[in-house]
1. Any idea what the relative contact order of the range 3-241 is, in percent, if you count C-alpha pairs under 8 Å spaced at least 6 apart?
2. Let's test the formula: R0 of 22 Å, r as the Cβ-Cβ distance of residue 246 and residue 56. What FRET efficiency results, to the nearest 0.05?
3. Compute the Cα gyration tensor for the range 107-152, then decide on rounded, prolate or oblate, letting a ≥ b ≥ c be the square roots of its eigenvalues: rounded whenever a/c is under 1.5, prolate when a/b is larger than b/c in the other cases, and oblate in all that remain.
4. Shape call for the range 139-200 from the C-alpha gyration tensor, a ≥ b ≥ c root eigenvalues: rounded (a/c under 1.5), prolate (a/b greater than b/c) or oblate?
5. I'd like the projected area of the range 81-192, averaged over all directions, using the convex hull of its alpha carbons. Report it in nm² with one decimal.
6. Picking from 200, 32, 254, which is most flexible by a Gaussian network model of the chain using Cα springs under 10 Å?
7. Calculate how steeply helix 98-112 sits against the longest principal axis of the alpha-carbon atoms of the chain, using the helix alpha-carbon long axis, and give the answer as 0 to 90 degrees to the nearest 10.
8. Between 0 and 90 degrees, rounded to the nearest ten: what's the tilt of helix 163-178 against the longest Cα principal axis of the chain?
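Please treat every number below as a calculation from the coordinates, not as lab data. These numbers come from a predicted model, not from an experiment. Cβ atoms come from the backbone with ideal geometry, glycine included; neighbour counts cover every protein chain shown.
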Ligand code: KIV
């Protein structure tokens, strides 16, 4: 048995049990090498459909397909051994009916080996969450600013500034928690509303652009590392500035190649020495 197989992975019930205790640390990961670097430090690796914007250069998450999520989800599971891996259900793969959601979530679970799926939406998705959970699929909810609804929301602005919108988001979180979600992401809402959501549900609320009082936090890793474009949303804290380092490394390499400084003698393979001639 490998050392990896001996490490017990964090499960959805483990995360559910963290309400009001040590904050749950979550980051996105889309590839095996990044998952391997992050795994020892986080509780949850989210294979977010943000990969459509971060890796593929789309303007939104809408063009992301189930096959993309499965390929990246499987890579992240291979690269990690401790954190629970949660894979986003992409736009169009679950909204039609609970049956469609189960068929696609079952593929995600079986083909990636992940521990749970995440889907966006509030009260309108409660029946689907219940259907999945009762059939063995742990579900993480996602309310507030739900990027798959960018066209109906009219943009990516923070939500919950008005009372009616705020009340609806609290009701959404309650409906998803009551349906059996083990945890809920609340994204891009004003801080007092995030605090209301935390108080309203008995499962951990994971914040992004929400409140420091959430039961955990999630960020897109490329944002935290300073890798993803010049744009920095207000809710992102950069812990590194790798973008300029990547550019500097590429520029140094280009100079070395053009001036024939690379490869050096230490980077090339010597010819085999001829065998000594026998007298
Ligand atoms: O797709 C994603 O990365 C997400 C997080 C930002 C919560 O849903």
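1. 19
2. The calculated FRET efficiency here is 0.75.
3. Oblate, since a/c reaches 1.5 and b/c is not below a/b.
4. It is oblate, given that a/c is not under 1.5 and a/b is not larger than b/c.
5. Taking the Cα atoms of the range 81-192, their convex hull projects to 7.3 nm² on average.
6. Evaluated over the chain, the most mobile residue of the options is 254.
7. Between helix and principal axis, roughly 30 degrees.
8. Value to nearest ten degrees: 80.
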